[in-house]
Amino acid sequence: MRQGMDGFGLGEKVGSYPVAGVGGALAQMARRVGGALYVTLIICLVAIKPPAAFTKGAVMTAVVLVLFGLMLAWRRMSVRFGLRRCYVYADGLVVTNLFGGVQDTVAWSEVTALNGYSGASVFMTLHRFEIARHGLRPLVLLAMGLNPPVVDALLSRLARNGIR
């Protein structure tokens, strides 16, 4: 686990959740398109039966398994080193960047509004939050997945602080 995330005086830590950037959204879309392409190619290999179809299918399957293993390794590494995380505290939140450094901090007293967008399709599922603040540029968060836990954590913390 990442050490040294003291909350910057934002009170007790409530939770730690993964967030993504534009690269994460594009990676999710590429992974799903690649999976659909893989299934299509395997079906074509079975139906057309070109020379060395088994070898070609085995190589494609090995590539997909290696990419799946790399994805799992990235997930474990990002949690261990605190990469692209949203740390929710009683009085605010801290967002880290791709290298584990602090990207932005927000105190709930600074927040004026929360604008949200959810999108679900075959190739990409995400929740986008734009946290508007007094006199500062808004903080934008992307949470990947159909029902990520950061959504409930942010909405409950904002409701407790009287922000809509």
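The values are calculated or read from the model by the stated rules, or taken from the named source; none is laboratory data. A quick note: this is a predicted structure, and the numbers were derived from the prediction, not measured. Glycine gets a Cβ as well: all are built from the backbone with ideal geometry, and neighbour counts include every protein chain shown. These area figures cover heavy atoms from the full protein model, side chains too; ligands, DNA and RNA do not enter into them. Shrake-Rupley method; radii C 1.70, N 1.55, O 1.52, S 1.80 Å.
Below is a table of values for the structure above.
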{"item": "Condition check for Ile42: more than 20 Å from the chain's Cα centre (by Cα) and surrounded by 15 or more Cβ atoms within 10 Å (Cβ to Cβ)", "result": "yes"}
{"item": "Those strands (runs of 3 or more DSSP E) lying entirely in the stretch 83-164 with at least 3 residues under 29 Å from Arg32 (Cβ atoms) and either more than 14 Å from the chain's Cα centre (by Cα) or of a type in the set (Phe, Trp, Tyr) (or both)", "result": "111-120, 125-133"}
{"item": "Residue list for the stretch 78-89, restricted to those being open to solvent by less than 30 Å² (accessible area, probe 1.4 Å) and in contact (Cβ under 8 Å) with a residue 40 or more places away in the chain", "result": "Ser78, Gly82, Arg85, Cys86, Tyr87, Val88, Tyr89"}
{"item": "Residues satisfying the stated conditions in the stretch 31-57, i.e. farther than 19 Å from Leu70 by Cα and of a type in the set (Lys, Arg)", "result": "Lys49, Lys56"}
{"item": "For Phe129: the one exception among (1) aromatic (Phe, Trp, Tyr); (2) without any contact (Cβ under 8 Å) to a residue 40 or more places away in the chain; (3) open to solvent by 80 Å² or more (accessible area, probe 1.4 Å)", "result": "(3)"}
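Per-residue answers, yes or no, for (1) within 16 Å of Tyr17 (Cα to Cα); (2) free of Cβ contacts under 8 Å to residues at least 60 places away in the same chain:
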site	(1), (2)
Asn97	yes, yes
Val106	yes, yes
Glu110	no, yes
Val122	no, no
Pro138	no, yes
Leu142	yes, no
Asn147	yes, yes
Arg164	no, yes
